Amino acid sequence: MKWNDPDSGGSPDGSARTPDRRVADLTKVLVVGRSPINRVVVAKIVERSGLKTISEAPDTAMVMLRTMAPGTIILDGGSDNKDCDGLMQSILSLRLASGSNLPSVILLSNRPGTPESLSLSSAVDIVVAKPITPERLQPVVEKLLGRC
């Protein structure tokens, strides 16, 4: 995406316009998980990259997903990678509306692998194996930002 190309949907302020004029804010990250401790740890790691985070439980994340239009979503899949399955359709709908792969989605998993090898939703871009450390997560977040 070229920031100065009006047809690409990008803008110099770090946002990406969608066809319905919603803005995907590339500086915002929605962290979703059942464990409040895991959410805090992940948020602190992400904030090292200069991004703003909002942390939510899976059952309350839907409202934030609709109102904040994050550029990236980090989902803690829990023990079976299914804790956030209820959000997948909404994420896919946002991507369809944006005409792009925004928001980017990172799944935190107890098992290493790719979204395909773990039979995950097509909404998941990258899987990061637990335990979550800055050395594992921060480069992935920055790589996704660079891709946008």
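The values are calculated or read from the model by the stated rules, or taken from the named source; none is laboratory data. All values derive from a computational prediction rather than experimental measurement. Note: ideal-geometry Cβ built from the backbone for every residue, glycine included; neighbour counts use all protein chains shown. What goes into the accessible areas is simple: the full protein's heavy atoms, side chains included, and nothing from ligands, DNA or RNA. Shrake-Rupley method; radii C 1.70, N 1.55, O 1.52, S 1.80 Å.
Give me P(r) over the stretch 29-138, computed from all C-alpha to C-alpha distances, binned every 5 Å, as integer percentages.
2, 13, 26, 27, 21, 10, 1
Once you place label points 7 Å from the Cα toward the Cβ at Met62 and Ser90, how far apart are they in nm?
Each label point is offset 7 Å from its Cα along the Cβ direction, giving 0.6 nm.
Which listed residue (Ala69, Gly146, Asn101) has the Cα farthest towards the positive end of the charge dipole for the stretch 35-148, taking +1 on Lys and Arg C-beta and -1 on Asp and Glu C-beta about the Cα centre?
Gly146
Apply the Karplus parameterisation 6.51 cos²θ - 1.76 cosθ + 1.60, with θ equal to phi minus 60°, to every residue of the stretch 107-118 and state each ³J(HN,Hα) to the nearest whole Hz, in sequence, with x for glycine and proline.
Each residue's phi maps through the Karplus curve to give 9, 8, 10, 6, 10, x, x, 9, x, 5, 5, 9 Hz.
Could you please state, rounded to a whole Å, how far the C-alpha centre of the stretch 76-101 is from the C-alpha centre of the stretch 54-71?
Comparing the Cα centres of the stretch 76-101 and the stretch 54-71, I get a distance of 11 Å.
List the residues whose amide H sits under 5 Å from the amide H of Val29, counting only those 5 or more places along or on another chain, with H placed 1.01 Å from N in the peptide plane.
Residues meeting the amide H criterion: Lys52, Thr53, Ile54.
Pop out the carbon and sulfur fraction of the accessible area of the stretch 72-116 as a percent, whole number, probe 1.4 Å.
On the way: 990 of 1840 Å².
Accessible surface attributable to carbon and sulfur in the stretch 72-116 totals 54 percent.
Taking 0.36 nm per residue of sequence separation and subtracting the Cα-Cα distance, how much length would be gained by fully extending the chain between Lys143 and Lys82, in nm to one decimal? Mind dumping the intermediate values first?
On the way: separation 61, 0.36 × 61 = 21.96 nm, distance 2.46 nm.
Difference between extended and current length: 19.5 nm.
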